[in-house]
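FYI, it's all coordinate maths here, none of it is from the lab. All values derive from a computational prediction rather than experimental measurement. Cβ placement follows ideal geometry from the backbone for every residue including glycine, while neighbour counts extend to all protein chains displayed.
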Amino acid sequence: MSPRLAHRVADFGTTIFSEMTALAARHNAINLGQGYPDFDGPESVKATAIAAITAGQNQYAAGIGQLDLRTAVAEHARRFYGQDVDPVSMVTITCGATEAIFSAIQGLVDPGDEVILIEPFYDCYVPAVHMAGGVPRYVPLHPPQPGETGWRLDLDELNAAFNARTRVILVNTPHNPSGKVFTADELKAIAILCVAWDVIAITDEVYEHLVYGSARHVRLATQPGMSDRTITIGSLGKSFSFTGWKVGWAIADPALTPAVRRTHQYITFATPIPLQTAAAVALTHCDAVVQALADDFERKRDYLTDVLTELGFKPTVPDGGYFVVTDVADVAQRSGVDLEGAAFCRWLTTEIGVAAIPLSAFYSPGREAITRGRIRFAFCKQQVTLERAAERLQRLIA
Ligand SMILES: Cc1ncc(COP(=O)(O)O)c(C=O)c1O
């Protein structure tokens with residue numbers, strides 16, 4: 001029987017992330033698909049959450065978030081980016097970055113408004129735009145050509161996407177899945193267009209602390225003209241390895257904050273209170289732990305890209321985040337396997353025992369020319385997990 005669904009959601013389907021995770025579990029495959037660590041964040045932060053529950057923090061939190069966590073988010077923004085953030089009028093705590101993105105889009109976009117999305121994109125952006133009645137307008141990132149090291153934004157293409165109907169641009173840096181960290185010059189160019197067309201920027205910065213080598217994370221909100229037209233979104237999940245807690249936040253000018261708060265109050269109303277208490281401790285006291293995590297991920301990035309290169313994949317070394325996108329054409333041809341990403345990932349999961357995500361999961365339909373033969377691996381795993389995955393991948397040349 002076909003499911004009974006509203007037209008608005010009838011096309012959504014089940015995400016490939018769930019499909020691959022279920023397939024990995026059924027075939028006992030090592031899951032380098034979905035982006036979550038197979039280890040926990042700091043013990044002291046876990047202990048704070050447990051103590052908060054024991055001490056009776058078990059009823060509704062303040063709808064906009066507990067003041068201690070809002071203050072911690074504001075101080076973190078000052079410490080890392082020199083931003084002047086008022087925790088009372090500028091910070092809202094949400095159930096993960098996902099809810100902050102959804103709330104912000106529902107609060108800003110009217111039916112028919114255009115939202116610029118840089119493609120590939122994280123999978124929740126398009127449904128959020130559709131649910132608001134908005135129209136996604138895609139601007140591509142171009143995969144590296146021979147001689148280039150990273151994915152490239154074409155500023156002429158970006159320029160051409162702005163028009164009088166543009167309401168919002170969503171910028172994700174460091175970027176999932178490509179690992180691109182947008183440069184200050186690129187962000188300046190985006191800022192100039194936002195100011196010229198009176199457009200609001202929503203930035204998804206969940207990987208803000210996971211940057212490698214000489215790459216530096218820059219906040220679009222700190223670029224000229226952007227402090228009062230940017231909603232900056234962050235999350236505890238990625239920096240502190242607590243993805244299951246779903247604690248996120250949005251920082252915005254006092255005049256822009258109602259766009260998040262009015263919708264948030266009727267979507268989830270509040271975020272679990274003991275996790276907010278623990279998140280405040282994490283954001284205030286764990287800078288060194290986060291740096292150590294980023295250093296560790298950089299080593300794992302290098303390990304996984306080396307392993308893939310030795311096996312005949314052509315990975316792009318990411319500057320940020322915890323994913324590697326790789327070209328699989330040579331490996332697929334050698335193994336006589338379909339090059340189409342989803343088919344290749346199913347084969348890799350069931351026959352080789354390692355799960356990955358096809359790049360098509362991050363694109364609108366009809367982009368096979370780019371997605372064919374490209375998949376994404378996650379390296380946010382224990383070293384022993386990556387080594388077990390590497391052992392299994394050796395079967396590709398056995
Ligand atoms: C770019 C990006 N944004 C948002 C999220 C989700 O963040 P949260 O778990 O805080 O909702 C993810 C998770 O993978 C992500 O990769």
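Within region 270-360, list the GluC sites (Glu not before Pro) lying in a DSSP loop whose Cβ has at most 12 other Cβ atoms in a 10 Å radius.
Answer by residue number: there is no such site.
In what sequence, highest mean first, do 266-275, 113-122 appear when ranked by Cβ atoms within 10 angstrom?
Values: 266-275: 18.9, 113-122: 22.6.
Packing proxy ranking, top to bottom: 113-122, 266-275.
Report the extension gain between Gln59 and Arg26 in nm, rounded to one decimal, defined as 0.36 nm multiplied by the number of residues separating them, less their alpha carbon distance.
Net length gain for the segment: 8.1 nm.
Under 10 Å, Cα contacts only: if you run a Gaussian network model on the chain, which one of Gly234, Gly341, Gly82 comes out with the highest mean-square fluctuation?
Result: Gly82 has the largest fluctuation of those listed.
Sort region 180-317 into rounded, prolate or oblate with this rule: let a ≥ b ≥ c be the square roots of the eigenvalues of the Cα gyration tensor; rounded if a/c is under 1.5, and if a/c is not under 1.5, prolate when a/b is larger than b/c, oblate otherwise.
On the way: a/c = 2.24, a/b = 1.27, b/c = 1.77.
Oblate.
Distance from a point 7 Å along Cα→Cβ of Ser18 to each backbone N in region 73-111: keep the residues under 19 Å and list them by number.
96-99, 102
Jot down the radius of gyration and Dmax of region 287-398, Cα atoms only, both in angstrom.
For region 287-398, the Cα-based Rg and Dmax read 14.3, 47 Å.
Let me know the shape class of region 115-167, please: from the alpha-carbon gyration tensor, a ≥ b ≥ c as square roots of the eigenvalues, rounded when a/c is under 1.5, otherwise prolate if a/b is greater than b/c, or oblate. Mind showing how you got there, number by number?
Details: a/c = 5.06, a/b = 1.67, b/c = 3.02.
It comes out oblate by the Cα gyration axes.
Lys and Arg at +1, Asp and Glu at -1: add these up for the other residues within a Cβ distance under 13 Å of Val199 and post the number.
Numbers: positive: Arg137, Arg165, Arg167, Arg229; negative: Asp113, Glu114, Asp198, Asp228.
Charge balance in the 13 Å sphere: 0.
Two decimals, Cα atoms only, Kirkwood Rh: what is Rg/Rh over region 19-101?
Numbers: Rg = 17.7 Å, Rh = 16.1 Å.
Value, to two decimals: 1.09.
Based only on Cα atoms, what Rg/Rh ratio does region 178-237 have, Rh being taken as Kirkwood's radius?
Numbers: Rg = 11.8 Å, Rh = 12.1 Å.
Here the Rg-to-Rh quotient is 0.97.
What is the local net charge at Val328, summed over the other residues whose Cβ is closer than 9 Å to its Cβ (Lys, Arg +1; Asp, Glu -1)?
0
Please compute the net charge surrounding Asp253, taking Lys and Arg as +1 and Asp and Glu as -1 over other residues with Cβ under 13 Å from its Cβ. Write down the numbers at each step before the final one.
On the way: positive: Arg229, Arg261; negative: Asp84, Asp86, Asp228.
Taking every other residue near Asp253 into account, the sum is -1.
If you build the convex hull over the alpha carbons only and average its shadow over all orientations, what do you get for region 128-247? Give it in nm² to one decimal. List each step's numbers first, then the result.
Details: hull surface 34.6 nm².
It is 8.7 nm².
Express the Stokes-Einstein translational diffusion coefficient of the chain in µm² s⁻¹, to the nearest whole number, given a Kirkwood radius over alpha-carbon pairs, 37 °C and a viscosity of 0.692 mPa s.
This corresponds to a translational diffusion coefficient of 151 µm²/s.
When the Debye formula is applied to the Cα atoms of region 240-308, each taken as the same point scatterer, what base-10 log of I(q)/I(0) results at q = 0.11, 0.12, 0.19, 0.28 Å⁻¹?
Here the Debye-derived log intensity ratios amount to -0.46, -0.53, -0.91, -1.21.
Output the pairs from Lys188/Lys314; Lys46/Lys180; Lys46/Lys300 with a Cα-Cα distance over 26 Å in this structure; if there are none, say none.
Correct reply: Lys188/Lys314; Lys46/Lys180.
Test of understanding: in a Gaussian network model of the chain with alpha carbons linked when under 10 Å, which of Gln59, Gln106, Gln265 would top the mean-square fluctuation ranking?
It is Gln59.
If only Cα atoms are counted, what is the Rg of region 78-145, and what is its Dmax, in Å?
Answer for region 78-145, Rg first and Dmax second: 15.0, 47 Å.
Starting from the Cα gyration tensor of region 1-143, take the square roots of the eigenvalues, sort them a ≥ b ≥ c, and report rounded, prolate or oblate (rounded when a/c is under 1.5, otherwise prolate if a/b is larger than b/c, else oblate). Before the final figure, lay out each step's value.
Details: a/c = 1.71, a/b = 1.23, b/c = 1.39.
Here region 1-143 falls in the oblate category.
Take the chain, connect every pair of alpha-carbon atoms lying under 10 Å apart with a spring to form a Gaussian network, then pick out the residue of Ala278, Ala62, Ala356 with the largest mean-square fluctuation.
Ala62
Pull up the DSSP beta bridges for the chain and report the antiparallel fraction as a percent, rounded to 5.
Restricted to the chain, the bridges split so that about 50 percent are antiparallel.
State the answer as a single residue: which of Gly41, Thr98, Asn28 lies farthest towards the positive end of the charge dipole of region 1-114, with beta carbon charges of +1 for Lys and Arg and -1 for Asp and Glu, about the Cα centre.
Comparing the listed Cα positions along the dipole, Asn28 ranks first.
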